[in-house]
Amino acid sequence: MILINNRDKLEWTPGMTVRDMMKAMNYVYVLITIKVNGELVDEDDYDTYEIPDGADVKAIHIHHGG
């Protein structure tokens, strides 16, 4: 199980990547920053960065506009 933003729980699966988590949570934001256990994950690594079981994930949607 992983905890997302201190409120949402998602069943963990072996090999789960940041991109897998984003799909499971229906995150489609253009600008989103992900931290796993306090470590910032580079957007280029979302398809390969594996989230460990029991991880604390922060998904921060960055707003923009004028």
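Some notes on this structure:
- The strands (runs of 3 or more DSSP E) found wholly in the chain and carrying at least 1 residues that are open to solvent by 100 Å² or more (accessible area, probe 1.4 Å) and not acidic (Asp, Glu) occupy 8-10, 39-41.
- Of everything in the stretch 34-58 that is within 15 Å of Thr13 (Cα to Cα) and β-branched (Val, Ile, Thr), the residue that is farthest from the chain's Cα centre (by Cα) is Thr48.
- Long-range neighbours under 9 Å by Cβ, at least six apart or interchain, first residue farther than 12 Å from Ala59 by Cβ within the stretch 19-44, second assigned to a loop (DSSP other than H, G, I, E, B) and of a type in the set (A, V, I, L, M): Asp20/Ile51; Val30/Ile62; Asn37/Ile51; Asn37/Ala55
The values are calculated or read from the model by the stated rules, or taken from the named source; none is laboratory data. Because the structure is predicted, anything quoted here is derived from the model rather than measured. Cβ coordinates were reconstructed from backbone atoms using ideal geometry, including for glycine residues, and neighbour counts include every protein chain displayed. The area values use the complete protein model at the heavy-atom level, side chains included, leaving out ligands, DNA and RNA. Shrake-Rupley method; radii C 1.70, N 1.55, O 1.52, S 1.80 Å.
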